[in-house]
Each structure stands twice: as C-alpha cells, then as structure tokens.
Amino acid sequence: MIPPIDLTVLIPVLNERDNVVALLPRLHRVVGQLGCTTEVLVVDGGSHDGTVAAAEGLGARVMVQRAPGYGGALREGFAAAAGEFVLTLDADLSHDPDFIIKLWRGRHSADITIASRYVRGGVAYMPFNRKLLSRVLNRFFALGLGLPVRDMSSGFRLYRAAALAGLELEGRNFDILEEVLVKAYSAGWRVAEVPFTYYPRDAGASHARVIAFGLDLLRAFVRLWLLRNSIQSADYDERAFYSRIPLQRYWQRERHRIVMGMARGVGRTLDVGCGSSVILQSLNNAIGVDVLPNKLRYMRQYGVPLVRASVNALPLSDSSFDCVVCSQVIEHLTADPATFDELTRVLRPGGLLILGTPDYDTLGWRTVEPLYGWFAPGGYKDEHITHYTRASLTDLAARYGLQVVEHAYVFHSELVMAMRKPQPPAALPNDADAPAALALP
C-alpha cells in the first residue's frame with residue numbers, strides 16, 4: 001500500500017535548467033527536515049534547454065503542461081498533486097527553499113499561507129520601478145476586492161489541497177495568483193501571510209511580460225469584483241456591515257441594533273440562516289445554523305458553534321432555545337409550514353422568536369427594492385420568493401399561538417418582529433389532590 005503524501009512541492013518551469021540544478025538538491029534537503037511524506041512535482045511549459053532531464057535526474061516527478069502560460073501550469077499541477085498540502089514556488093531561487101520550514105509550521109493556522117513581501121517584517125529586494133508597480137497593483141486589488149491580504153501576487157504559498165479542490169480557475173498567466181486567493185477566500189477558506197524576504201532570480205530572464213501581465217490583471221479584476229460583490233462570497237454579510245456605501249452600512253447596522261436590542265439578555269439563542277452576519281458574532285450564547293458551507297467555513301474564525309442544516313429540518317432538540325433569530329431568511333423560501341413548525345419547535349415555552357423580512361406592504365420597500373436590484377445586481381433582491389407584510393406575519397403568529405410583543409422597521413422598509421411562544425396552561429388539580437377545606441371555628 002502506497003503511503004499517503006503529506007506535501008506536494010509544485011514548481012512551474014520554462015527553460016530553467018541551471019536554476020533547477022541549483023534548486024532541487026537544496027529543496028530535497030529542506031523537505032527532508034519536515035518529518036512528512038513529500039513529492040516534488042515539476043510542471044514544464046515546453047523547455048528546450050534540458051530542464052526536464054535535469055529535473056527527472058534529481059528525483060522530481062515531471063509533467064508537461066498542455067494549457068499555455070503560468071496559469072495553465074498551476075491548474076494542471078494542482079489537479080495532479082497528490083499531497084494533502086500543496087506548496088508552490090518559483091524555480092529561479094527568488095523563493096528561498098529554507099523558508100518552506102516556516103510555511104509548513106503554520107499549516108494549521110490557515111488554509112492558504114502566503115510568503116509575503118509586504119506585511120510587517122517582509123522585505124523585497126527588487127528594482128524600484130518593479131517594486132512600485134507591484135505595490136500599486138497589490139494595493140489596488142486588495143482595496144478594490146475587499147481582501148485583507150497585502151501580497152496577492154506572491155507565488156510562494158502553501159495551500160491546503162481541500163481549499164483548491166472546488167475552485168474553478170480561469171487565469172491563463174500570473175493573474176491566476178490573485179484569482180485563486182479571491183475565489184478561495186470567497187469560499188470561506190482562511191488566508192494568512194508570513195513575512196518573507198524576496199531576492200531577484202539567480203539566473204535567466206523572467207517570463208512575465210508587463211503589458212500582457214497588466215491586461216490579464218485588468219480582465220481578472222473585473223471578473224473577481226463581480227464575485228466579491230455577490231451574495232456567493234462567504235463574507236458578503238459581514239462586508240456589508242463595514243461597507244463604504246453609507247446606505248448599505250446604515251441598513252446593516254440598524255438591523256443589528258434592532259435585533260440585538262430584542263435579543264438582549266434572553267439566554268441561549270439560535271441564529272437560523274446566520275450567514276456571515278455580525279449579529280451571530282454579537283450574540284453572547286448562540287449557535288449558528290446555515291445551509292451554505294462557505295458561510296459556515298468563514299465563520300469558524302469566531303469560535304461560535306455552527307451547524308449545517310436547513311431551516312425546514314433543524315437537527316436540534318425540542319424547546320432547547322430561549323430565543324430563535326431568523327433574519328432575512330423566510331423571504332428566500334417558498335411558503336412551507338415546515339419552516340415555522342421548526343422555528344417554534346426548538347423554541348422553549350415563553351421563548352422569543354425574532355423574524356426579520358422586507359415588508360412588501362410599505363412604500364419604503366417597494367421603492368428600495370428596484371433600486372437595490374439596479375445598483376446591486378448580484379445581491380439578494382432576485383432571490384426573494386415569498387413576500388410578507390406586517391399583517392401576514394401577525395396572522396401567521398396567531399395561527400401558531402405566538403404573541404407579537406414588539407416590532408420595528410429598518411428604513412421604513414424591513415420589518416423586524418418579536419413574538420413570544422406561550423407557556424403551557426397550568427394543570428388543574430384533581431379533586432382527590434385538592435386540599436381539604438378548613439373547618440370553621
């Protein structure tokens with residue numbers, strides 16, 4: 001039986017024979033110190049200087065890529081890698097193999113760990129014009145795409161293979177470096193940076209072409225911006241809370257203020273359809289439930305208990321929560337009695353159900369929704385299936401025996417309603433159990 005491989009070291013090459021001869025012996029020495037099973041996978045882009053023979057002679061597994069460019073090399077290398085972790089580095093010795101030790105040590109702290117030139121402690125020794133361009137592009141991408149990463153173009157990284165498995169990568173050249181980060185982060189995987197000192201290549205010429213590189217990045221930015229600003233991004237709800245758009249930020253924070261005010265001090269709380277909302281982060285004794293794995297994956301960082309489940313089939317005990325919060329969920333579902341059956345089932349008698357949904361009977365929401373759909377085409381507007389009003393929710397509460405105790409609006413449009421589940425009626429004593437009448441003096 002072949003033992004599982006812990007680490008694949010993936011090296012894209014194109015006419016790098018001299019560098020490969022210098023790199024691979026050092027690389028084997030370093031990975032031999034990690035105490036894990038490894039493979040070295042060299043992906044060749046069509047070298048004609050003896051690179052393939054040199055790599056094979058030094059113990060690497062070599063595959064010849066079919067798709068062109070650096071992006072093709074990474075995509076095919078990721079698909080062929082057998083390791084639980086995949087480490088990528090350049091063959092030109094600008095990525096010091098000894099640094100692999102640091103990346104490997106941090107493998108359990110994040111799903112993607114970047115050797116970063118631009119975090120505090122990182123240094124880049126490169127020509128001024130190249131360094132300036134790199135800095136500007138990295139800053140532009142990080143701010144424009146809302147990603148908390150300073151060095152998005154570093155190719156020296158350690159990936160958890162599971163974080164790569166579901167990504168549909170399109171980048172043809174070096175733009176794949178930004179693409180893989182944005183798509184992995186949007187899927188909820190954790191990204192961390194470790195300070196690294198970068199030196200220029202030892203021999204040969206770089207294969208990056210500035211004009212083609214710039215055009216590829218521009219096209220990639222447009223694609224990735226659409227993803228980052230769609231509800232598919234794992235951190236969509238959290239980003240909205242801190243949005244630079246005043247109305248979006250106000251809306252999220254007003255919703256948070258209302259829900260948290262209603263739920264304050266009520267006890268054990270279940271947040272159904274939690275997404276990446278700041279509400280779940282703020283609740284003091286809570287469990288989050290969502291059906292989307294990327295949202296739950298993203299929320300792991302906050303140490304809150306999480307359950308993947310549908311609101312129509314909650315894997316939780318009856319009467320086990322003092323409060324159930326379900327904000328911005330029910331409008332995305334078809335009207336199904338199972339939804340409210342489940343929300344009330346897990347709520348203890350006397351507990352509080354807090355529902356939040358657009359009120360389609362208000363002029364405010366009827367005005368806001370078309371504008372929201374226009375300005376945020378990737379947002380939630382198109383997913384509203386069932387339209388509720390204050391009157392319809394009040395009737396629904398009455399059918400389930402819930403008492404509406406409070407309601408409030410966000411921007412005269414979004415309704416937040418708190419409903420109390422009744423206590424069971426007190427049992428009447430049997431005649432035999434009744435105390436004897438006191439004798440009159």
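At a Förster radius of 30 Å, what calculated FRET efficiency corresponds to the Cβ-Cβ distance of Met63 and Arg105, to the nearest 0.05?
Working from the Cβ atoms, E equals 0.55.
Calculate how steeply helix 17-31 sits against the longest principal axis of the alpha-carbon atoms of the chain, using the helix alpha-carbon long axis, and give the answer as 0 to 90 degrees to the nearest 10.
So the inclination is approximately 50 degrees.
At q = 0.10, 0.20 Å⁻¹, what log₁₀ I(q)/I(0) does a Debye calculation on the Cα points of the stretch 1-143 give, no solvent, two decimals?
Summing over Cα pairs of the stretch 1-143 leads to -0.37, -1.35.
Full-extension gain between Val222 and Ser282, please, as 0.36 nm times their residue separation minus the C-alpha to C-alpha distance. Can you show the working numbers first?
Numbers: separation 60, 0.36 × 60 = 21.60 nm, distance 3.35 nm.
Net length gain for the segment: 18.2 nm.
Need one value: the accessible area of Lys183 in square angstrom, 1.4 angstrom probe, rounded to the nearest 10.
40 Å²
So what is the calculated 222 nm ellipticity per residue for the chain, using -39500 (n - 2.57) for each DSSP H run with n of 4 or more, over all residues, to the nearest 500 deg cm²/dmol? Don't jump to the answer; show the numbers that get you there.
On the way: 15 runs with 161 residues, N = 441.
Helices in the chain give a 222 nm mean residue ellipticity of -11000 deg cm²/dmol.
What's the center-to-center distance, using Cα atoms, between the stretch 5-74 and the stretch 240-256 in Å?
48 Å
Between Ala309 and His28, how high is the FRET efficiency from 1/(1 + (r/R0)^6) when r is the Cβ-Cβ distance and R₀ = 60 Å? Nearest 0.05. Spell out each step's value before the answer.
On the way: r = 47 Å, r/R0 = 0.78.
Using R0 = 60 Å, I get an efficiency of 0.80.
Any chance you could run the full-extension gain for Arg249 through Tyr400? It's 0.36 nm times the residue separation minus the Cα-Cα distance, nm to one decimal. Please report the intermediate quantities before stating the final value.
Working: separation 151, 0.36 × 151 = 54.36 nm, distance 3.43 nm.
Value of the extension gain: 50.9 nm.
For the pair Ser230/Ser320, report the inter-label distance in nm, with labels modelled 7 Å from Cα in the Cβ direction.
3.5 nm
Farthest toward the dipole's positive end in the chain, which of Pro200, Leu137, Gly69, given Cβ charges of +1 (Lys, Arg) and -1 (Asp, Glu) about the Cα centre?
With unit charges placed on the Cβ atoms, the residue in question is Pro200.
What's the angle, to the nearest 10 degrees (0 to 90), between helix 176-186's Cα axis and the longest principal axis of the chain?
Once rounded, one gets 20 degrees.
How large is ³J(HN,Hα) for each residue in the stretch 221-226, as worked out from phi by the Karplus curve 6.51 cos²θ - 1.76 cosθ + 1.60 (θ = phi - 60°), to whole Hz, x for Gly and Pro?
Calculated HN-Hα couplings, in order: 4, 4, 4, 6, 4, 4 Hz.
So who's got an amide H within less than 5 Å of the one on Glu193, skipping anything under 5 residues away but keeping other chains? H placed 1.01 Å off N, in plane.
Ile114
Tell me the per residue accessible area of the stretch 271-407 using a 1.4 Å probe; a whole number in Å² is fine.
45 Å²
Which ³J(HN,Hα) values, rounded to whole Hz and listed in residue order, are derived for the stretch 103-114 from phi using the Karplus coefficients 6.51, -1.76 and 1.60 in 6.51 cos²θ - 1.76 cosθ + 1.60 with θ = phi - 60°, glycine and proline given as x?
These are the phi-based 3J(HN,Hα) values: 4, 5, 4, x, 5, 8, 8, 7, 8, 9, 10, 10 Hz.
For the pair Ala162 and Asp98, what calculated FRET efficiency results from E = 1/(1 + (r/R0)^6), where r is the Cβ-Cβ distance and R0 = 25 Å, to the nearest 0.05?
On the way: r = 27 Å, r/R0 = 1.07.
Computed FRET efficiency for Asp98 and Ala162: 0.40.
I'd like the orientation of helix 246-263 relative to the chain: the angle between its Cα long axis and the longest Cα principal axis, in ° from 0 to 90, rounded to 10.
50 degrees
Starting from the Cα-Cα distance between Leu333 and Leu215, subtract it from 0.36 nm times their residue separation and give me the gain in nm to one decimal.
Full extension of this stretch gives 38.3 nm more.
Exactly which chymotrypsin sites (Phe, Trp or Tyr not before Pro) in the stretch 221-280 are in a DSSP loop and have at most 16 other Cβ atoms within 10 Å?
Here the chymotrypsin sites (Phe, Trp or Tyr not before Pro) that fit, given the DSSP loop and packing criteria, are Tyr242.
Over all alpha-carbon pairs of the chain, lay out the pair-distance distribution in 20 Å bins, whole %, shortest bin first.
22, 42, 26, 8, 2, 0
The values are calculated or read from the model by the stated rules, or taken from the named source; none is laboratory data. Treat the numbers as computed from the prediction; the structure is a model and nothing was measured. With ideal geometry, Cβ positions are generated from the backbone for all residues, glycine too; neighbour counts draw on all protein chains shown. Note: areas computed on protein heavy atoms with side chains; ligands, DNA, RNA excluded. Shrake-Rupley method; radii C 1.70, N 1.55, O 1.52, S 1.80 Å.
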